Amino acid sequence: YNGSMPGALKLFIDLLPYPDSFEERPVCYVGIASGQFAGLRPVEHLQQVFGYRNAYNFPRRVFVPSVHQIASAETGVTDEELKARLTDQAEKFLNFCRSLGKEV
């Protein structure tokens, strides 16, 4: 996607009602890709877009390179270290939401 998110995702975001869609809403990011950079640039671009829309960006991101080697529809996530990172991120994101006074 040339260093950004897929165009269909950007169009979807652009068509959502402004400002209600992201205004003061917490957002969390997981970048996945088949390559080594794990969706780093698309996540960074999404953070800019959501920041512009006044969302609360949770700073702990998780990046998953070579996702096809550690997860599938049949087996789910097979990498224990990744499971631990995702669990940690989810728990901390819930605390982040609570600290903002947002329902979880």
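In degrees, nearest 10, range 0 to 90: what is the angle between the Cα axis of helix 40-52 and the longest Cα principal axis of the chain?
Around 10 degrees separate the two axes.
May I ask you to list the GluC sites (Glu not before Pro) in the chain that are in a DSSP loop and have at most 13 other Cβ atoms within 10 Å of their Cβ?
Answer in residue order: Glu23, Glu24, Glu74, Glu103.
Taking only Cα atoms of segment 17-99, what ratio of Rg to Rh do you get with Rh as the Kirkwood inverse-distance radius?
Rg/Rh for segment 17-99 comes to 1.02.
To test your reading of the geometry: what angle, between 0 and 90 degrees and rounded to tens, separates the Cα axis of helix 80-99 from the longest principal axis of the chain?
The angle comes out at about 20 degrees.
In the Gaussian network model of the chain, springs joining C-alpha atoms below 10 Å, which of Leu40, Leu15, Leu82 carries the largest mean-square fluctuation?
Taking springs between Cα atoms under 10 Å, the residue moving most is Leu15.
Count neighbours as other Cβ atoms within 10 Å of each site's Cβ, and list the trypsin sites (Lys or Arg not before Pro) in segment 1-64 that are DSSP loop with at most 11 such neighbours.
none
Every number here is computed from the coordinates shown, using simple stated rules; none is lab data. What you see is a predicted model, and the numbers here were worked out from it, not measured in a lab. Neighbour counts are summed over all protein chains in view; Cβ atoms, including those assigned to glycine, are modelled from backbone coordinates with ideal geometry.
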